[in-house]
Amino acid sequence: MLATGSVLGSAAQTLGIPVPPGPVLFPLACSVAAVASTTGWLAAQTGRRRRAAQMRGQVVEACEALASGLRAGLPPDRLLQRTAEDVPLLLPAASAARLGADVAPALRAVTGTPGAERLTMLAAAWDVARSSGAGLADVVSRIATMVRADAGRQRQVDAALGGARSTARLFAVLPLLGIALGAGMDADPVGVLTRSALGAWALCLGATLACVGLVWVERLSVSGQP
């Protein structure tokens, strides 16, 4: 944090911005670090949810295409290669099938990606079919139905939790409205928060509590998902 404060001070001097007194640099640096790290973490979580939703869509598409082709009597390996042309998720498994390798490990390698967990069942079904000669069509069709239901439930959960996330973020930025109102009344809240030690520590405490609240709500919403 001391290093962050030094960097901020040097950057401010370079840009010609008045540097606040030494006692307030550390709490201001803490505030900036807390807000920046929390903003980055929330953006990463949002991106993760979006990628997981896209991945679930690919899993549904892959399972439905495989089930349809298997019911039509197409060979599994050839069907897998054809389906992978439209569903990139299956490219590693299609490469394994083209080389004559075991497809199941390639499918399991993808299951660590959020949203692709149900491919574990497809890999197990592929293993059983390869070792026993059992048909895949009915099993893959049931997996497709389960994945479609999972995707629907997840969309409902995301919609239900969207309000809680939005409310938490609204409360986190409400203090900025208070600062704006104070500035409009010529109370100089920015000066109090950035040029006095007490104000800087109050800003640090407020920013930290707001960031903790945002992270807490996000973690609660994640833990409540299926």
For segment 29-53, pairs from a residue that is farther than 19 Å from VAL217 by Cα to a residue that is assigned to a helix (DSSP H, G or I) and of a type in the set (D, E, K, R), with Cβ under 8 Å and 6 or more apart or across chains, are ALA53/ARG155; ALA53/ASP158
Yes or no: segment 120-134 includes at least one residue that is touching a residue at least 60 places away in the same chain (Cβ under 8 Å) and among the small types (Gly, Ala, Ser). no
The condition of being surrounded by 12 or more Cβ atoms within 10 Å (Cβ to Cβ), in contact with a helix residue (DSSP H, G or I) (Cβ under 7 Å, 6 or more places away or on another chain) and of a type in the set (Val, Ile, Thr) holds, among VAL128, VAL139, only for VAL139
Taking segment 109-119 and the residues there that are of a type outside the set (A, V, I, L, M, F, W, C) and under 18 Å from ARG153 (Cβ atoms), the one that is nearest to the chain's Cα centre (by Cα) would be PRO114
Matching residues in segment 69-112 (of a type in the set (Ser, Thr, Tyr) and touching a Leu at 6+ places or on another chain (Cβ under 9 Å)) number 2
Exactly one of ALA183, ALA159, ALA207 is assigned to a helix (DSSP H, G or I) and either touching a residue at least 24 places away in the same chain (Cβ under 8 Å) or surrounded by 14 or more Cβ atoms within 10 Å (Cβ to Cβ) (or both), and that one is ALA207
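So that you can scan it fast, the table gives a plain yes or no per residue for (1) surrounded by 15 or more Cβ atoms within 10 Å (Cβ to Cβ); (2) touching a His at 6+ places or on another chain (Cβ under 8 Å); (3) modelled with pLDDT of 80 or more:
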position: LEU8; (1), (2), (3): yes, no, no
position: GLN13; (1), (2), (3): no, no, no
position: PRO21; (1), (2), (3): no, no, no
position: ALA36; (1), (2), (3): no, no, yes
position: ALA44; (1), (2), (3): no, no, yes
position: ALA53; (1), (2), (3): yes, no, yes
position: ALA62; (1), (2), (3): yes, no, yes
position: PRO75; (1), (2), (3): no, no, yes
Only one of (1) of a type in the set (A, V, I, L, M, F, W, C); (2) more than 30 Å from LEU107 (Cβ to Cβ); (3) part of a helix (DSSP H, G or I) does not apply to ALA149, and that is (2)
Flagged in segment 83-105 as more than 24 Å from the chain's Cα centre (by Cα) and either surrounded by 17 or more Cβ atoms within 10 Å (Cβ to Cβ) or within 25 Å of ALA53 (Cβ to Cβ) (or both), in numbering order, are THR83, ALA84, GLU85, ASP86, ALA93, ALA94, ALA96, ALA97, VAL103, ALA104
Item checked: Hey, LEU220 in a helix (DSSP H, G or I), modelled with pLDDT of 85 or more and either of a type in the set (A, V, I, L, M, F, W, C) or closer than 30 Å to ALA33 by Cβ (or both) or not -> no
Taking segment 71-104 and keeping residues part of a loop (DSSP other than H, G, I, E, B) and either of a type in the set (Lys, Arg) or on the phi < 0 side of the Ramachandran plot (or both) leaves ALA72, LEU74, PRO75, GLU85, ASP86, VAL87, LEU99, ALA101, ASP102
Output for Cβ contacts, cut-off 6 Å, separation at least six or different chains, first residue within 17 Å of ALA62 (Cα to Cα) and at pLDDT below 85 in segment 93-108, second of a type in the set (Asp, Glu) and not in a loop (DSSP other than H, G, I, E, B), reads ALA97/ASP77; ALA104/ASP127
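The values are calculated or read from the model by the stated rules, or taken from the named source; none is laboratory data. Owing to the predicted nature of the structure, the values given are computational and were not obtained by experimental measurement. Positions of Cβ are generated from backbone atoms using ideal geometry, with glycine treated the same way; all protein chains shown enter the neighbour counts.
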